[in-house]
Amino acid sequence: MTLQKLKHQFQHNPNIEFLYSADELIQITVKSVFSTAIIHLQGAHVSLFQPNNQPNVLWLSPTVIYKKATSIRGGIPICWPWFGPHSSDSSKPAHGFARVSQFDVDKISECPNGEIEVQLKLESNKKTKALWPVNFVLLVKITIGKSLTVSLMSQVDEDQPVKLTEAIHSYFAVNDIKNTTLKNLENTEYFDAIAQQTHVQTSNNLTFTKETDRIYKNPNDQLLICSNNKNLVALEQQGANSTVVWNPWSEKVKSMVDFPNNAYQNMLCVEAANTGLETFITKKQQHVISQKITPV
Ligand code: TA6
């Protein structure tokens with residue numbers, strides 16, 4: 001869909017604005033009565049969720065790059081149809097191809113309660129099949145109101161069950177990672193991707209003093225990010241068997257062109273995910289994972 005066509009199609013929606021972010025990439029600015037969001041058609045990627053008179057709840061790299069086939073650093077990248085490196089072919093994009101694919105606008109609805117729903121669509125094509133030989137439709141529904149909810153709805157048209165791993169890879173803005181706590185992971189098993197070891201977290205609170213890259217298995221679906229001893233964001237996930245928690249810390253960021261060296265101090269990733277071996281979808285099923293983000 002071209003920018004002109006989209007502008008024409010939604011010309012009567014004063015709360016919806018389409019424009020180029022850069023490199024002819026199209027973004028949508030959505031103004032609900034409660035908040036504003038910016039969504040990029042590339043990757044169905046939310047880069048801003050800003051409740052009225054408050055700062056962006058999401059962290060966006062100060063040196064973010066808007067470029068075709070390059071994932072935006074920050075906001076909410078969609079990792080799909082695999083999470084992490086490809087299981088057998090390192091030439092395939094990390095975290096799947098959805099986050100660097102061009103989505104179409106499927107529908108935009110203004111709800112009676114003041115929320116606005118933006119639904120974007122990616123369908124299998126020659127390019128995707130070269131990476132993942134599956135006939136699929138991926139719908140990403142983004143609901144903008146007092147909260148922001150991102151839902152991935154996957155359908156396949158295959159005779160055999162299809163294995164899927166995925167993540168709603170949300171970056172949150174925090175004042176200081178050293179004074180940030182993630183709550184409600186008491187007695188939860190996690191895989192430490194750095195130490196390559198599995199542990200059980202006994203404490204309810206996770207604090208941050210070094211590079212952190214953990215996959216919590218079957219966690220509490222309701223987590224809370226606190227910053228400087230104040231509640232910041234409540235998270236609620238559905239349809240997820242994991243929560244991924246990541247901060248690259250000071251060393252890892254030095255190798256990342258779109259991540260300033262000190263910026264790790266102001267961000268934390270908490271991701272609703274399906275990882276591991278057990279998520280398969282079949283022809284008749286619509287598989288849904290969602291993360292609801294509520295500033296508190
Ligand atoms: O979600 C954690 C993680 O898998 C980390 O291991 C790190 O690779 C991060 O995602 C960012 O990945 P990206 O490909 O966006 O640089």
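The values are calculated or read from the model by the stated rules, or taken from the named source; none is laboratory data. The structure presented is a predicted model; accordingly, all values stated were derived computationally and were not measured. Because the Cβ atoms are built from the backbone with ideal geometry, glycine has one as well, and the counts that use them run over all protein chains shown. Remember, those area values only see protein heavy atoms, side chains included, never the ligands or the DNA or RNA. Shrake-Rupley method; radii C 1.70, N 1.55, O 1.52, S 1.80 Å.
Of note:
- Measuring r between the beta carbons of residue 111 and residue 3 and using R0 = 25 Å, the FRET efficiency lands at 0.45.
- Ranked order, 63, 128 - accessible area, probe 1.4 Å, largest first: 63, 128
- Nearby lysines by direct alpha-carbon distance to residue 127 (threshold 28 angstrom, same-chain neighbours under 8 apart not counted): 5, 7, 67, 68, 92, 107, 141, 163, 283, 284
- Evaluated on the chain, the Kirkwood hydrodynamic radius is 19.5 Å, with distances taken between all distinct Cα atoms.
- For region 223-288, the relative contact order comes to 31 percent (Cα pairs under 8 Å, sequence separation of at least 6).
- Rounded if a/c under 1.5, otherwise prolate or oblate - region 1-141, Cα gyration tensor axes: prolate
- Whole-angstrom gap from region 270-296 to region 24-75, using each part's C-alpha centre: 21 Å
- Averaging the sequence gap over all C-alpha pairs within less than 8 Å and six or more residues apart, then dividing by the number of residues, gives the chain a relative contact order of 17 percent.
- Dipole of the chain computed with +1 at Lys/Arg Cβ and -1 at Asp/Glu Cβ about the Cα centre; of 135, 11, 86, farthest Cα towards the positive end is 11.
- With at most 10 neighbouring Cβ atoms within 10 Å, loop trypsin sites (Lys or Arg not before Pro) (DSSP) excluded, longest segment of the chain: 1-209
- Per-residue surface analysis assigns residue 296 an accessible area of about 90 Å², computed on protein heavy atoms at 1.4 Å probe radius.
- Solvent-accessible area of residue 199 with every protein chain in place, 1.4 Å probe, in Å² to the nearest 10: 70 Å²
- Per-residue extension of 0.36 nm, minus the Cα-Cα distance of residue 88 and residue 204, leaves a gain of 38.2 nm for this segment.
- Net lengthening on full extension, residue 123/residue 251 (0.36 nm per residue, minus Cα-Cα): 42.3 nm
- For region 107-133 versus region 201-248, the spacing of their alpha-carbon centroids is 27 Å.
- Placing dummy labels 7 Å off each Cα toward the beta-carbon, the span from residue 288 to residue 52 is 2.8 nm.
- Calculated accessible area for region 3-295 comes out at 45 Å² per residue, all protein chains present (probe 1.4 Å; ligands, DNA, RNA ignored).
- The label-point distance for residue 178 and residue 217, in a model that sets each label 7 Å from Cα toward Cβ, rounds to 3.4 nm.
- Beta bridges by DSSP in the chain, antiparallel share as percent, to the nearest 5: 100 percent
- Entry note, the chain: the mean residue ellipticity at 222 nm calculated from DSSP H runs of n ≥ 4, each adding -39500 (n - 2.57), is -1000 deg cm²/dmol after division by the residues and rounding to the nearest 500.
- Exposed GluC sites (Glu not before Pro) absent - longest run of the chain, DSSP non-H/G/I/E/B, at most 16 other C-beta within 10 Å: 25-157
- For region 24-70: rounded, prolate or oblate by the Cα gyration tensor [a/c cutoff 1.5]: oblate
- Anisotropy class of region 122-267 from Cα gyration tensor, a/c 1.5 cut: prolate
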